[in-house]
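**Q** Structure below; questions to follow.
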Amino acid sequence: MKELGTMLELRNMTKLLGDKLVLRNITLTLEKGEILAVIGPNGAGKSTFFKCTVGLLQPTSGEILLNGKLVKKNSGEVKQRIGFLGHESFLYNTLSPLENLKFYGKLYKVKDLDRKANDLLKEVGLYLFRDMPIRSFSRGMMQRLAIARVLLPDPEILMLDEPHTGLDQEAVALLNKIIKKKQASGTSILIISHDFEQVHALADRVAVLKKGKIISTMALGSDIDLPAMKQWYEKEVSSS
Amino acid sequence: MNSIFKDAWTIASKDLSNEFKTKQTIGMMLIFSSLVILIFSFAFDPTNNMVKAVIPGLVWLITVFSGILGLNRSFLSEHENDALTGLRSAPIDPSSIYLGKVLANFLLVTSVQIISIPVLFILFDYRFIGKIGWFILVVLIGTLGFIIVGTFLAALAANAKNSEMLLPVLLLPLLSPLMIAAVQATRIILENGTITNAVSWLRLMSAYDLLFLAACFFLFEFIMEGS
């Protein structure tokens, strides 16, 4: 699945929030077409790590390189290439799914927006609800729409913060199918998750983040099953 | 720069179409301004000459206080589902979020003025003798200054717990010079005075607008980083 070359590289990224060091010298690479999962205990700094990478927070020190090019502060070019799915859906309750997608599509300067938005709504199974305000949507439907929003500009990197939260089995299967399809088309994917089963099913590599530091990484081959991955994680977390 | 205006218009049209659908904020603003006009029309005898002296102040009183109701809501709606983070992670200049909000708030307050100011004149039985063009110019420049500062402070206050209370506390002292100039210029024009008497007030208002627009435009990015 993986293509050659590094898509995203973080070099000694540090983030200080107030007087607390939240991220400590994070060095990590994401290859083209790779799925990398970042796991770790609560409060390890996973969300801050994502926000710094997306450009929502400015790292205190360190460098971020995208396709070998140094990323400048608040770079629109980087934001255009990253699709960020956060804890919340970032959607407007008073707008319909189609209106939400069109609004974000305009901000991302998506070409052929009407067709793309409708196709994505069909893909996530919300086409029948396309003109209804989303305020009455369930958590699962919101998450499906949030996924469609992220996919709309065809990002080169997908950053998914706990994407399986609140989804039923059918929606989980749909999301995993979409993730695998995007990977096959060369998209690099970074996932934060507590769901070991999904991490094992999707990721090529796992990194453990603890107290703001990447303490270990492991490639997930066919020889490593779910219990072995859990055992490795527990060992790494307890030993550091 | 073109892209900033285009993105700003996208954000403003989203806010305006939202408002057009729900009519929540504009309804609230219209009810408030109508109530103020009604109460004051009973408090002052329309046949009395003193009414002329009250009208310039009333025009700005209904603009500012009904406007604050709208400003309060303009960033709170972005906190639903953390949509503001969605905007911040989009490939747009943070200043376009500010400009979009300024545009939407300005159009909202102006539409309230289009209804409430004629109602004010009717209920106070006021015969307009000044130059209507100059009057509109003063109202637009004054309203723009109020929205420029108000939108910036609304973004700042939206992160606080009691943002509804915080906004007027921050905004009203900062608005004092603009409001003094606006009331004076409105009074001169309504009294059919020559425009030359109001020019210095108009210059003060324009300088206030430009100064605060430049400052808020560049400082907005730092507010967003903290939200």
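All of the numbers you see were taken from the coordinates with simple rules; none came from a lab. This structure is a prediction, so every number in the text was calculated from the model and none was measured. Cβ atoms come from the backbone with ideal geometry, glycine included; neighbour counts cover every protein chain shown.
**Q** Relative to the longest principal axis of the C-alpha atoms of chain B, give the angle of the C-alpha long axis of helix B:94-123, reported between 0 and 90° and rounded to the nearest 10°.
**A** Orientation of helix B:94-123: about 20 degrees from the principal axis.
**Q** Further, regarding this structure: Specify which residue in the list A:PHE90, A:TYR108, A:VAL124 is farthest towards the positive end of the charge dipole of the stretch A:65-126, using unit charges on the beta carbon of Lys, Arg (+1) and Asp, Glu (-1), about the Cα centre.
**A** A:TYR108
**Q** Could you pull out the pairs from A:LYS32/A:LYS69; A:LYS180/A:LYS213; A:LYS79/A:LYS109; A:LYS51/A:LYS211; A:LYS32/A:LYS181 whose alpha carbons sit more than 19 Å apart here? Spell out each step's value before the answer.
**A** Details: A:LYS32/A:LYS69 15 Å; A:LYS180/A:LYS213 28 Å; A:LYS79/A:LYS109 12 Å; A:LYS51/A:LYS211 16 Å; A:LYS32/A:LYS181 14 Å.
Check vs 19 Å cut-off fails for A:LYS180/A:LYS213.
**Q** Other chains near A:81-94: what is the mean number of their Cβ atoms within 10 Å of each residue's Cβ? Present the calculation step by step, with values, prior to reporting the outcome.
**A** Values: counts 1, 2, 1, 5, 1, 5, 2, 8, 5, 12, 5, 9, 5, 9.
Mean inter-chain Cβ contacts per residue within 10 Å come to 5.
**Q** Against the longest alpha carbon principal axis of chain A, how many degrees, from 0 to 90 and to the nearest 10, is the axis of helix A:113-123 turned?
**A** Tilt relative to chain A: about 70 degrees.
**Q** Please arrange B:TRP201, A:TRP232 by counting, for each residue, the other beta carbons lying within 10 Å of its beta carbon, fewest first. Before the final figure, lay out the partial values.
**A** On the way: B:TRP201 22, A:TRP232 16.
By the 10 Å Cβ count, ascending, the order reads A:TRP232, B:TRP201.
**Q** Taking θ = phi - 60°, what integer Hz values does the Karplus form 6.51 cos²θ - 1.76 cosθ + 1.60 yield along the stretch A:129-140, in sequence order, with x for Gly and Pro?
**A** 9, 4, 10, 8, x, 7, 4, 8, 6, 6, 4, x
**Q** Amide H neighbours of A:LEU158 under 5 Å, at least 5 residues apart or on other chains, H built in the peptide plane: list them.
**A** A:GLY83, A:SER188, A:ILE189, A:LEU190
**Q** When the helices in the protein assembly as shown are scored as -39500 (n - 2.57) per DSSP H run of 4 or longer and the sum is shared across all residues, what 222 nm value do you end up with, to the nearest 500 deg cm²/dmol? Could you put the intermediate results ahead of the total?
**A** Numbers: 16 runs with 277 residues, N = 467.
So the helix-based figure for the protein assembly as shown works out to -20000 deg cm²/dmol.
**Q** OK, next. Quick query: amide H of A:ALA37 versus all other amide H atoms, modeled in the peptide plane; which residues come in under 5 Å with a sequence gap of 5 or more or a different chain?
**A** Here A:ILE191, A:ASP204, A:ARG205, A:VAL206, A:ALA207 satisfy the definition.
**Q** I've got another one for you. If R₀ is 22 angstrom, what is the calculated FRET efficiency for the pair A:LYS177 and A:THR29, using the beta carbon separation as r and rounding to 0.05?
**A** On the way: r = 26 Å, r/R0 = 1.20.
In this case the efficiency is close to 0.25.
**Q** Of B:LEU211, B:ASN105, B:VAL59, which is farthest along the charge dipole of chain B in the positive direction, counting Lys and Arg as +1 and Asp and Glu as -1 at C-beta?
**A** Checked the options; the winner is B:VAL59.
**Q** Go ahead and run the numbers for FRET between B:LEU211 and A:LEU21, Cβ-Cβ distance against an R0 of 41 Å, rounding to 0.05. Write out the running numbers ahead of the final one.
**A** On the way: r = 39 Å, r/R0 = 0.96.
The formula returns an efficiency of 0.55 here.
**Q** Could you name the aspartates and glutamates whose alpha carbon sits less than 17 Å from that of A:LYS230, not counting residues in the same chain fewer than 8 places away?
**A** Once the sequence-local aspartates and glutamates are set aside, what remains near A:LYS230 is A:ASP195, A:GLU197, A:ASP204.
**Q** Taking the highest mean first, how do the peptides B:58-70, A:119-131 order by number of other beta carbon atoms within 10 angstrom per residue?
**A** Numbers: B:58-70: 22.1, A:119-131: 16.6.
Averaged packing, sorted descending, gives the order B:58-70, A:119-131.
**Q** Still on this structure, I have one more. Measure out, as a whole number of angstrom, how far apart the alpha-carbon centroids of the stretch B:149-169 and the stretch A:30-81 sit.
**A** That distance is 31 Å.
**Q** Follow-up question, since we're still on this one. For chain A, set up a GNM with springs between Cα atoms under 10 Å and report which of A:GLY62, A:GLY221, A:GLY186 has the largest fluctuation.
**A** A:GLY221
**Q** Taking 0.36 nm per residue of sequence separation and subtracting the Cα-Cα distance, how much length would be gained by fully extending the chain between B:LYS52 and B:ILE115, in nm to one decimal?
**A** Working: separation 63, 0.36 × 63 = 22.68 nm, distance 1.96 nm.
This chain segment gains 20.7 nm when fully extended.
**Q** Another question, if that's okay. Which whole number gives the average count of other chain Cβ atoms within 10 Å of the Cβ atoms across peptide A:100-112? Please report the intermediate quantities before stating the final value.
**A** Values: counts 4, 0, 2, 9, 6, 1, 9, 13, 3, 6, 0, 0, 0.
What the average comes to for A:100-112 is 4.
**Q** Follow-up question, since we're still on this one. Fewest Cβ neighbours within 10 Å first, please rank A:HIS200, A:HIS87 accordingly. Working shown, then result.
**A** Values: A:HIS200 18, A:HIS87 13.
The most exposed by this proxy come first: A:HIS87, A:HIS200.
**Q** Using a basic spin-label model with each label point 7 Å from the Cα along Cα→Cβ, how many nm lie between A:SER222 and B:LEU219?
**A** Spacing of the two 7 Å Cα→Cβ label points: 6.2 nm.
**Q** While we're here: If the only charges are +1 at each Lys and Arg Cβ and -1 at each Asp and Glu Cβ, what is the size of the charge dipole of the protein assembly as shown around the Cα centre, to the nearest 20 debye?
**A** On the way: 48 positive and 41 negative charges, 99 e Å.
Charge dipole of the protein assembly as shown: 480 debye, to the nearest 20.
**Q** Rounded to the nearest 10 degrees, what's the angle between the helix A:169-184 long axis and the longest principal axis of chain A, both from Cα atoms, 0 to 90?
**A** Taking the Cα atoms of chain A, the angle to A:169-184 is about 70 degrees.
**Q** Based on the Kirkwood radius over alpha-carbon pairs, what value in µm²/s does the Stokes-Einstein equation return for the translational diffusion coefficient of the protein assembly as shown at 10 °C and 1.306 mPa s? Numbers along the way, then the final one.
**A** Working: Rh = 24.8 Å.
Translational D for this selection: 64 µm²/s.
**Q** Most exposed first by the Cβ proxy, i.e. fewest other Cβ within 10 Å, how do B:ASP93, A:ASP154 rank?
**A** Values: B:ASP93 18, A:ASP154 15.
Ordered by Cβ neighbours within 10 Å, fewest first: A:ASP154, B:ASP93.
**Q** Now for a different question. Using a basic spin-label model with each label point 7 Å from the Cα along Cα→Cβ, how many nm lie between A:ASP154 and B:GLU80?
**A** 3.3
**Q** While we're on this one: Assign unit charges at the C-beta atoms only (+1 for Lys and Arg, -1 for Asp and Glu), then state the dipole size of the stretch B:41-161 relative to its Cα centre in Debye, rounded to the nearest 20. Could the numbers behind the result be given before it?
**A** Numbers: 7 positive and 6 negative charges, 46 e Å.
About 220 debye.
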